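The values are calculated or read from the model by the stated rules, or taken from the named source; none is laboratory data. Just so it is clear, the model here is predicted, and its values are computed rather than measured. Glycine gets a Cβ as well: all are built from the backbone with ideal geometry, and neighbour counts include every protein chain shown. Note: accessible area is taken over every heavy atom of the protein model, side chains too, but ligands, DNA and RNA are not part of it. Shrake-Rupley method; radii C 1.70, N 1.55, O 1.52, S 1.80 Å.
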Amino acid sequence: MKSHIQIFDTTLRDGEQTPGVSFSFDERLKIAKQLEKWGVDVIEAGFPASSSGSFKSVQAISKALTTTAVCGLARCKQSDIDAVYEATKDAAHPRVHVFIATSPIHLKYKLKMSQEEVLESITKHVSYAKQLFDVVQFSPEDASRTEIAFLIKCVQTAVDASASIINIPDTVGYSYPTEYGLIFKSLLEHVKSEHKVIYSAHCHDDLGMAVANSLAAIENGAERIEGTVNGIGERAGNTALEELALALYVRRDHYGIETRLNLAETKNTSDIISRYAGIRVPKNKAIVGQNAFSHESGIHQDGVLKNPETYEIMTLKLVSISKNELPLGKLSGKHAFSEKLKSLGYDIKAEDQVALFKQFKAIADKKKDVSDRDIHALIQGSEHEQNSIYHLETLQLQFVSHGLQSAVVVIKNKDGNTYQDSSIGTGSIVAIYNAVDRIFKKESELVDYRIDSVTEGTDAQAEIHVELKIEGQPVNGMGIDHDILQASCKAYVEAHAKYVSEFIEKEGTRV
Ligand code: KIV
Ligand code: ZN
């Protein structure tokens, strides 16, 4: 009898495959710690064989976590499994996740392998992984488009080779709940094992059914769900874990089983992922969207005032720690600022708070109320600046209503050296970006430019996200400032700085 549904979080692996998302080393570590605090059972921290960056992050996360298991992804390749072993060997609970595609289309066009060869590869690599790990997870990629008879053979082969966790990916988000549930039912019925096997669901949201499919898997015997925070991931993303967890909690009358997540940390976890991924949670998103708990219509408001349960199936309190939401202002002192940092979950040394307090005062001079979102943005902006090897020192612009705009940009590196250049452009942003390109002597292509305001109001800070391709490599950057042009410049400088540190200084390549 299962006691709870296990949560396998793949935000740092499948989630990071979201177009335009690339977490820094520090961000990955912070995310992993927050996921542990949230209470996930396993974190898939990366794909160690794919890049030295992923290897090092998995290694650091393995050393940092104490209760949550740390897993690394591996293809059916001995060197991939070795890389996971090396990266996770210091983890309290190391895990490996071995996969190979099993559907006819993947075998024919991608792997160019016969079914017999795939079965041989499963036996060879799952057995090899079992020599290095106590717990081996196996996934037949594109399982939902694999003929059921062959899928059963693949899973039986993996189980015979000692896999104890079988994950069933709906890789392209093609399945629907009754069909996906039936796969679990068939596997549970036909696969024989002398050891305990846990079945796990891994769904993608291409048809908007990832959470529904995962719930159908649970109804048919799955004991573990894989997914990501806010549902980020490749294409339309993965199962949104916060939605799944709350569905199990709110409808425990039906499912009769819950996760071990600390639900009060849900909103916090979602906020952190949203900030680091640079992906705003849509206002109407279930559980974590800004509107998820607000009532607009008069009839609804009247009902909620009379009895909240008229229109509320859950409360904000269930998913977020109640904090002191009082905004700070111009007159707030160091003590109030420090208390606010603590209440927002930041553990920042007193000496590091000095510079932050100065920045807070600068914001408070321009803005009447400094909200929690402003404080998060302030910390995030300062973390970005500290982690970046270059930052914007000054920006000077000349604007004319009709004609070319001009920009002078000065940037500083970690050693205190400054670099400057100027350029013109048809608009201010073009002029700024041309000047930065000249400083770095790199041509780049702006793939995406997004502007958000941190809060409401005309005095709000601007948050800019850019995605560039520099010499074919995708890199992103983020900048926050009261001035849109300055924030745009910060974001662009950060993207260039990332390119230098990740692809030039370390001579690394991404896989
Ligand atoms: O979606 C998928 O098939 C995957 C596998 C690597 C498990 O992410
Ligand atoms: Zn996936």
Completion exercise
Picked from segment 405-420 (must be part of a strand (DSSP E or B) and of a type in the set (S, T, N, Q)), the residue nearest to the chain's Cα centre (by Cα) is 413
Practice task
Could you check how many residues of segment 309-354 are outside any loop (DSSP other than H, G, I, E, B), of a type in the set (Ser, Thr, Tyr) and under 18 Å from residue 377 (Cα atoms)?
Solution key: 2
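For every residue, the table says whether it meets (1) within 16 Å of ligand 2 (Cβ to nearest atom); (2) under 23 Å from the mean Cα position of the chain (by Cα).
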residue: 186; (1), (2): no, no
residue: 192; (1), (2): no, no
residue: 195; (1), (2): no, no
residue: 229; (1), (2): yes, yes
residue: 239; (1), (2): yes, yes
residue: 242; (1), (2): no, yes
residue: 265; (1), (2): no, yes
residue: 268; (1), (2): no, yes
residue: 274; (1), (2): no, yes
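Here are 142, 134, 160: which of them is acidic (Asp, Glu), at pLDDT 95 or above and within 15 Å of ligand 1 (Cβ to nearest atom)? Walk me through how you get there before you give the answer.
Values: 134 fails: within 15 Å of ligand 1 (Cβ to nearest atom); 160 fails: within 15 Å of ligand 1 (Cβ to nearest atom).
Being acidic (Asp, Glu), at pLDDT 95 or above and within 15 Å of ligand 1 (Cβ to nearest atom) holds for just one of 142, 134, 160, which is 142.
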Exercise for the section: Scan segment 346-365 and report the pairs whose first residue is over 13 Å from residue 333 (Cα atoms) and whose second residue is among the acidic types (Asp, Glu), with Cβ atoms within less than 9 Å and a gap of 6+ or a chain change. Expected result: 363/374
Completion exercise
Log entry, pairs with first residue in segment 294-323 being more than 24 Å from residue 248 (Cα to Cα), second being open to solvent by 50 Å² or more (accessible area, probe 1.4 Å), beta carbons closer than 8 Å, six or more apart or on different chains, reads 300/310; 300/311; 303/310; 303/311
Completion exercise
Of (1) open to solvent by less than 20 Å² (accessible area, probe 1.4 Å); (2) outside any strand (DSSP E or B); (3) under 28 Å from residue 504 (Cα atoms), residue 485 fails just (1)
Fill in the blank from the handout: Scanning segment 11-70 for residues that are among the aromatic types (Phe, Trp, Tyr) and more than 16 Å from ligand 2 (Cβ to nearest atom), the one surrounded by the most Cβ atoms within 10 Å (Cβ to Cβ) turns out to be 38
Practice task
Could you tell me whether residue 165 is hydrophobic (A, V, I, L, M, F, W, C) and within 27 Å of the chain's Cα centre (by Cα)?
Solution key: yes
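Considering each of 457, 479, 472 in turn, give the residue that is more than 22 Å from residue 404 (Cβ to Cβ), open to solvent by less than 10 Å² (accessible area, probe 1.4 Å) and either touching a strand residue (DSSP E or B) at 6+ places or on another chain (Cβ under 6 Å) or not β-branched (Val, Ile, Thr) (or both). Walk me through it before giving the result.
Values: 457 fails: open to solvent by less than 10 Å² (accessible area, probe 1.4 Å); 472 fails: open to solvent by less than 10 Å² (accessible area, probe 1.4 Å).
Among 457, 479, 472, only 479 is more than 22 Å from residue 404 (Cβ to Cβ), open to solvent by less than 10 Å² (accessible area, probe 1.4 Å) and either touching a strand residue (DSSP E or B) at 6+ places or on another chain (Cβ under 6 Å) or not β-branched (Val, Ile, Thr) (or both).
Could you tell me whether any residue of segment 112-126 is open to solvent by less than 40 Å² (accessible area, probe 1.4 Å), small (Gly, Ala, Ser) and closer than 29 Å to residue 3 by Cβ?
Narrowing segment 112-126 to residues open to solvent by less than 40 Å² (accessible area, probe 1.4 Å): 118-119, 121-122, 125-126.
Imposing the further condition that a residue be small (Gly, Ala, Ser) reduces the set to 121.
Subset that is closer than 29 Å to residue 3 by Cβ: none.
No, every residue in segment 112-126 fails to be open to solvent by less than 40 Å² (accessible area, probe 1.4 Å), small (Gly, Ala, Ser) and closer than 29 Å to residue 3 by Cβ.
Table: residues versus (1) away from ligand 1 (no atom under 16 Å from the Cβ); (2) under 27 Å from residue 384 (Cα atoms); (3) at pLDDT below 95; (4) among the polar types (S, T, N, Q).
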{"residue": "7", "(1), (2), (3), (4)": "no, no, no, no"}
{"residue": "10", "(1), (2), (3), (4)": "no, yes, no, yes"}
{"residue": "38", "(1), (2), (3), (4)": "yes, yes, no, no"}
{"residue": "62", "(1), (2), (3), (4)": "yes, yes, no, yes"}
{"residue": "80", "(1), (2), (3), (4)": "no, no, no, no"}
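Can you pull out every residue in segment 232-248 that is in a strand (DSSP E or B) and either out of contact with any helix residue (DSSP H, G or I) (no Cβ under 8 Å at 6 or more places or on another chain) or in contact (Cβ under 8 Å) with a residue 60 or more places away in the chain (or both)?
Residues of segment 232-248 that are in a strand (DSSP E or B), as a first pass: 238, 240.
The answer is 238, and nothing else.
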Exercise for the section: Output the residues belonging to segment 71-98 that are within 16 Å of ligand 2 (Cβ to nearest atom) and open to solvent by 40 Å² or more (accessible area, probe 1.4 Å). Expected result: 75
